[in-house]
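The next block holds one structure in the form of structure tokens; read it before the comments.
The values are calculated or read from the model by the stated rules, or taken from the named source; none is laboratory data. Not measured: the values here are computed from a predicted model. As a convention, Cβ positions derive from the backbone with ideal geometry for all residues, glycine included, and neighbour counts pool all protein chains shown. Calculation scope for accessible area: heavy atoms of the full protein, side chains included, ligands and nucleic acids excluded. Shrake-Rupley method; radii C 1.70, N 1.55, O 1.52, S 1.80 Å.
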Amino acid sequence: MKHIYIGANWKSNKTVEESLAWYEEFAALSASQPDIVKDRSVILCVPYTNLYPLKLAMEKTPAPVELGAQDVSPYPEGAYTGQISARMIHGLAAWVIIGHSERRKYFRETDEDLFRKVGQVKDAGMKVMYCISDPAMPVPPDTDIIAYEPVWAIGTGKTDSPENAAAAIAEIKKASGVQKALYGGSVTPDNVSGFVHAEPIDGVLIGGASLDPKKFVSLIQHASA
Ligand code: PGA
């Protein structure tokens, strides 16, 4: 059976209190169904402010998830006002999402910025989930997992077909040499199974459907290949 990766991207949502309430419910639901993470890895990518409280909550009540951040500074520690360096989140996050299309669009991040960020994450000993919205986009060689997310499918309720996504992902893996790749864009409990069944797709990256713990657990249950 293939191993499936399920990333949650909370984006710019949830206060500390809301993140802890989410986690409490998620931990209770997953404890009552221990099989839900068999052959699956769940990576919860949250706002910086929620990393430390969630780490403490996970120490108290363990649940089968790894924590991730959604961005990082392209620079090391130092005089970069407002930036969060990779060293600051090392120990809190195992993963960092880099290059999400919203970062490229609203914050004008360039390939050069993104390659620098990947360097910072890898130097700090964390893993990179690198997002691209087109198979032709460059991918840094140190990437651990690629997330292929067509821009028109993000948050719109319109998914790519599993066949198209599989073809794009096969092409991306071949061109980049990266062995693991996810599909993202309007994935829900109802449509996830088609994506994870497709041979080259190693899992999914979930935005909207990860914000409610019940919906997210249901999605994980339906994500079996
Ligand atoms: P969505 O977001 O699931 O809400 O479409 C996916 C993403 O942006 O990672």
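Below is a table of values for the structure above.
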quantity	calculated
So residue 111, is it acidic (Asp, Glu), more than 16 Å from the ligand (Cβ to nearest atom) and at pLDDT 95 or above	yes
Neighbours by Cβ (under 8 Å, 6+ apart or cross-chain): first from the stretch 202-218, closer than 14 Å to residue 30 by Cα; second among the small types (Gly, Ala, Ser) and more than 14 Å from the ligand (Cβ to nearest atom)	217/30
Breaking point among (1) open to solvent by less than 10 Å² (accessible area, probe 1.4 Å); (2) not in a loop (DSSP other than H, G, I, E, B), for residue 72	(2)
Residue tally, condition among the charged types (D, E, K, R) and exposed (fewer than 13 other Cβ atoms within 10 Å of the Cβ), over the stretch 17-49	4
Qualifying positions in the stretch 1-33 - under 22 Å from residue 155 (Cβ atoms) and not in a helix (DSSP H, G or I)	5, 6, 7, 8, 9, 10, 11, 12, 13, 14, 15
Flag if residue 180 is without any contact (Cβ under 8 Å) to a residue 24 or more places away in the chain and open to solvent by 20 Å² or more (accessible area, probe 1.4 Å)	no
When residues of the stretch 114-164 are limited to those that are within 12 Å of the ligand (Cβ to nearest atom) and at positive phi, the one surrounded by the fewest Cβ atoms within 10 Å (Cβ to Cβ)	157
Residue list for the stretch 166-205, filter: within 17 Å of the chain's Cα centre (by Cα) and polar (S, T, N, Q)	179, 186, 188
Close pairs from the stretch 4-23: first in contact (Cβ under 8 Å) with a residue 12 or more places away in the chain and over 9 Å from residue 47 (Cβ atoms), partner open to solvent by 10 Å² or more (accessible area, probe 1.4 Å) and among the aliphatic types (A, V, I, L, M), Cβ under 7 Å, at least 6 apart	4/225; 20/57; 23/57
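Residue-wise test of (1) open to solvent by 30 Å² or more (accessible area, probe 1.4 Å); (2) within 16 Å of the ligand (Cβ to nearest atom); (3) at negative phi.
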site: 169; (1), (2), (3): no, yes, yes
site: 176; (1), (2), (3): yes, no, yes
site: 188; (1), (2), (3): yes, yes, yes
site: 213; (1), (2), (3): no, yes, yes
site: 220; (1), (2), (3): no, yes, yes
